[in-house]
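Working notes, structure below.
Each reported figure results from applying straightforward, stated rules to the coordinates on display, with no laboratory input. Everything numeric here is computed off the predicted structure, so don't read it as measured data. Here Cβ is always computed from backbone atoms with ideal geometry, including for glycine, and neighbour counts include all displayed protein chains.
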Amino acid sequence: MSELYAKHIATLLKRYRAALKQFKLDGILLSSGTKTYYFEDDLAHPFRAYSGAQQWLPFRPSPDTYILIQKSGDPILIWPIQDDFWHANVSLPSGSWHTEWTVIERPIEHDISDYTKGKYACIGPSDKHSSPFSPHLSQKESLSLQAFIDYDKAYKTEFEIEAIKQANYQAVAGHKAAKEAFLTGKSELCIYHDFLTASKQNSSQEPYSGIVALNEHASVLHYELKDPSLQPLHNTLLIDAGACVHGYASDITRTFTQDNGLFKTLLDSVDELQQNLAQQAVAGVNFKQLHNKALHGIAEILYQHKICALAPEDQVKKGVAQTFFPHGLGHLLGLKVHDAGGHQIDKAGTLDKPGVEAPFLRLTRTLEENMVITIEPGLYFIPMLIAKMQHEIPQHGCDIDLVEALLPFGGIRIEDNVVVGKEQSINLTRDAFTNL
């Protein structure tokens with residue numbers, strides 16, 4: 001990875017120096033952030049560094065870490081040291097990454113203004129040394145700078161793609177363990193523990209809190225609970241969980257069932273649709289149009305399996321298909337699970353926000369080479385949305401008895417992480433499931 005990392009740093013320097021020139025700056029200071037605490041308590045929240053700082057480093061930055069990029073020379077890492085007998089001291093990691101940097105280790109209380117001479121900008125969480133609005137830029141200019149930098153984060157370097165690939169392998173090991181736990185009848189909590197153990201991480205290291213949903217819980221899109229109680233039936237397991245490598249996330253969802261009837265048939269149909277959509281995720285494709293194909297694909301499944309008698313086009317026009325697939329097809333993936341710039345169509349920060357036909361779509365850009373995205377169609381039986389459909393959509397065409405028979409299964413989501421290519425995409429998740 002050392003050669004890929006060196007190229008990665010060279011790419012970041014090129015991007016940031018373009019920003020220095022554009023905004024007439026001498027330097028840009030990135031802050032990892034500082035510890036925060038629960039209200040009226042001395043217990044700290046789990047720390048997660050600002051993603052813009054994490055992008056530069058092949059390890060997790062500590063609180064109060066700073067990175068300074070100037071017009072010339074190596075990037076400067078300003079690493080905090082402190083005397084602390086209450087907590088484990090985090091020493092600066094060793095490794096070949098050092099060759100790309102100038103490293104300054106300084107006491108945490110030391111004022112870093114000594115290193116920020118001239119006209120500079122701050123990006124990252126506000127703290128005693130920096131603020132979200134730069135000292136030499138107006139608020140509007142600061143936001144423009146952020147947009148200028150965020151736009152290029154969609155284009156992943158080879159180092160970043162390799163990190164996401166490794167994060168897929170790590171998470172897939174957990175998904176396979178979760179499947180076995182489901183088949184042996186374990187609780188949500190125990191399935192979650194098996195996922196964490198097999199993926200070699202603890203809950204604070206996950207890129208997001210894993211979703212482990214049995215049965216009807218699979219109809220809750222962001223189900224947060226991990227029920228410790230054993231369930232008499234194991235109809236469905238929907239697990240949406242990932243891992244992090246060098247700060248880069250995988251975001252994988254699988255749905256498993258012990259059913260041999262209609263729900264299993266629906267699961268197979270969604271899986272086929274998902275793989276077809278992933279193959280279409282190539283450069284030049286507008287993601288809004290790909291989402292529309294997914295929506296029509298779900299409508300076709302509903303029609304094919306006699307859940308809805310309306311033709312797929314009519315289902316979409318009336319909003320019936322959206323009842324069963326209410327979220328967007330996917331999003332950019334990288335330093336953040338929902339990575340920066342999904343609605344941003346140029347470096348100036350122009351936004352192309354989703355319309356009323358797909359209000360929750362997190363990605364509206366035209367796909368380009370080396371973007372990494374998720375493809376995650378779903379088919380859910382959500383009581384609230386089904387009741388709303390019955391009340392608001394006359395002649396919806398759905399077989400309500402059949403829909404109600406599927407409620408105990410909750411729903412289906414299948415999600416892969418895909419690298420966009422010029423003519424062909426690379427499905428990192430399917431590769432991991434095949435090769436692990």
## Note on the structure
Note to self, the chain gives a 222 nm [θ] from helices alone (DSSP H runs n ≥ 4, -39500 (n - 2.57) apiece, / all residues, nearest 500) of -10500 deg cm²/dmol
### Query
Relative to a virtual label point 7 Å from the Cα of Thr366 in the Cα→beta-carbon direction, which members of the stretch 403-436 show backbone nitrogen distances below 19 Å?
420-425
### Query
Computed from these coordinates, which is Cα extents along the principal axes in Å: [x] 71, 45, 45; [y] 76, 56, 34; [z] 73, 45, 36?
[x]
### Message
Can you give me the C-alpha center-to-center distance between the stretch 347-406 and the stretch 225-252, rounded to a whole angstrom?
### Response
22 Å
#### Entry: DSSP bridge pairs, the chain: antiparallel proportion in percent, nearest 5
75 percent
### Query
Taking square-rooted eigenvalues a ≥ b ≥ c of the alpha carbon gyration tensor, is the stretch 1-150 rounded, prolate or oblate, where a/c under 1.5 means rounded and, failing that, a/b exceeding b/c means prolate?
oblate
### Query
So for the stretch 140-267, taking the charge dipole from beta-carbon charges (+1 Lys/Arg, -1 Asp/Glu), which of Ala181, Tyr169, Gln201 sits furthest toward the positive end?
Ala181
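At a Förster distance of 30 Å, what's the computed FRET efficiency of Asp399 paired with Asn260, Cβ-Cβ distance as r, to 0.05?
It comes to 0.90.
Where in the stretch 384-436 are there GluC sites (Glu not before Pro) that are in a DSSP coil and have at most 10 other Cβ atoms within 10 angstrom of their Cβ?
For GluC sites (Glu not before Pro) across the stretch 384-436 that sit outside H, G, I, E and B with at most 10 neighbouring Cβ atoms in 10 Å, the list reads Glu423.
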### Query
Mean 1/r over all different Cα pairs, inverted: what Kirkwood radius does the stretch 300-394 give, in Å?
15.2 Å
## Note on the structure
Mean-square fluctuation maximum in Gaussian network of the chain, Cα pairs under 10 Å, restricted to Phe263, Phe39, Phe148, hits Phe39
#### Entry: Charge dipole magnitude, Cβ of K and R +1, D and E -1 - the chain, Cα centre, debye nearest 20
1080 debye
### Summary
Phi-derived 3J(HN,Hα) across the stretch 235-241 with the Karplus relation (6.51, -1.76, 1.60, θ = phi - 60°), rounded Hz, x for Gly and Pro, is 6, 9, 10, 10, 10, 10, 7
### Query
From the residues Ser72, Thr36, Ser51, which one has its Cα farthest along the dipole of the stretch 2-152 in the positive direction, the dipole being from +1 and -1 charges on Cβ of Lys/Arg and Asp/Glu about the Cα centre?
Ser72
